[in-house]
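See below for the structure under consideration.
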Amino acid sequence: MKINTLHRFNHKWNLFKTRFIYQRIDKNFIPKGSNELRLFVIARNESLRLPFFLRYYLDNGVDRIFFIDNNSTDNTREIALNYSNVHVFKIDKSFKNFWNWIEFFLNKYGKNRWCLVVDVDELFSYPYIEIAPFKNLIEYMELNKYDAIRSFLLDIYSNKPIINTGYTSNDNPLKYCQYFDAHYYCGEVNLFDKRRWEYFKTLIYYGGMRERVFNRIIGTNWNYHLSKISLFKYSDKVYLTEGMHAINGAQIADITGIVFHTKYMQDFIERVMIESEREVHFGNALEYKIYNQACILEKDINLFYKKSVQFKNSKQLVKLGMMKSSINYNNFLAVQKLAIENHNKEFITIFN
């Protein structure tokens, strides 16, 4: 049997096995055939971030969330169960197989729909989200026949030692973690598509705060991937690569987004120690082991430095080149806002 045929068989078998390892917790109705924006997320012990995460996405226009809990020991599941449009599933197996779970749930609940795939410490954003909720962005994508938007994973942090961040659950993380590194670099790379059994070219972002801080402390040259594909229209021809860093078969939008990475809260030091020992993340949790070693070497580790930039709004990120807008998108928003808000002052100001 050829290796690609064998892999495809194993891939389908692993997806098939997923249906026997999950347990649905909620009893909420899931409509079929609806034109909904659906979000898919796997979480473990995320009671600190989860309340705002759910509120952020539901308030911005996500219709339904498929929440996979993996071995939580806190009240993560109970928080998610408070919402009628959040569907909670429990999987107690090793997180090493997480990608099979994502694909299984996308196939079951996301086929031919607009989908968001994110972690609980990720808040997807895009140019001028302050005036254009998700439905406006998706309408723009549909009009221009785009299947996905490429995003930059932006690590946000406070100006205090991580342990003193002081984040309060249900608050906006950007109230506590207002700073970021503006430097990055990018390059075109060849990634292997295990479905089609071929290489494809894609753009990947690197650098940022993690490269500056953790490589300095540990003395490594680890490349930290900052590329994300969070929003896409899922189909048999358009699908994510493992890890959500790239997508194949998609027509990529002429604008780019940001994914605010809220990992660096006061629970960071304890979490990286636990994940280093569990070894369920990529490469036996190599990246978590780097974080953990850095936190041991610098017990009051502080991510802030003199070139840290304080976040203001999406317009700022467009000016810095962290997000990309386009004339076509700007014109689309102008027409939308003229119709909806009749020259609302906030809309005029953000473009000035």
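Quick notes on this one:
- Hey, SER227 closer than 23 Å to PHE134 by Cβ and surrounded by fewer than 18 Cβ atoms within 10 Å (Cβ to Cβ) or not: no
- Apart from one condition, ILE258 fits all of (1) touching a Leu at 6+ places or on another chain (Cβ under 9 Å); (2) part of a loop (DSSP other than H, G, I, E, B); the exception is (2).
Results for (1) crowded, with 21+ Cβ neighbours inside 10 Å; (2) more than 17 Å from ILE138 (Cα to Cα); (3) at pLDDT 95 or above, shown as yes or no for each residue.
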| site | (1), (2), (3) |
| --- | --- |
| GLY243 | no, yes, no |
| ALA246 | yes, yes, no |
| GLY257 | yes, no, yes |
| MET273 | no, yes, yes |
| HIS281 | no, yes, no |
| GLN293 | no, yes, yes |
| VAL309 | no, yes, yes |
| GLN316 | no, yes, yes |
| LYS324 | no, no, yes |
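- Check on LYS135, closer than 27 Å to ALA250 by Cβ and without any contact (Cβ under 8 Å) to a residue 12 or more places away in the chain: no
- Count - residues of segment 297-324 that are part of a helix (DSSP H, G or I), touching a Pro at 6+ places or on another chain (Cβ under 6 Å) and of a type outside the set (S, T, N, Q): 1
- Residue in segment 159-169 that is surrounded by 15 or more Cβ atoms within 10 Å (Cβ to Cβ), among the hydrophobic types (A, V, I, L, M, F, W, C), in the same structural domain as LEU226 (by TED's automatic domain parsing) and assigned to a helix (DSSP H, G or I) present: yes
- The condition of being in contact with an Asp or Glu (Cβ under 7 Å, 6 or more places away or on another chain) and free of Cβ contacts under 8 Å to residues at least 24 places away in the same chain holds for only one of LYS237, LYS201, LYS233, that being LYS201.
- Residue that is modelled with the lowest pLDDT, among those in segment 118-159 that are of a type in the set (S, T, N, Q) and within 17 Å of the chain's Cα centre (by Cα): SER151
- Conditions (1) within 10 Å of the chain's Cα centre (by Cα); (2) modelled with pLDDT of 90 or more; number of the one not met by LYS263: (1)
- Tally of residues being surrounded by 16 or more Cβ atoms within 10 Å (Cβ to Cβ) and closer than 30 Å to LEU106 by Cα across segment 209-224: 1
The values are calculated or read from the model by the stated rules, or taken from the named source; none is laboratory data. Everything quoted here is computed from the prediction, not taken from an experiment. Every residue, glycine as well, gets a Cβ built from its backbone with ideal geometry; the counts of neighbours run over all protein chains shown.
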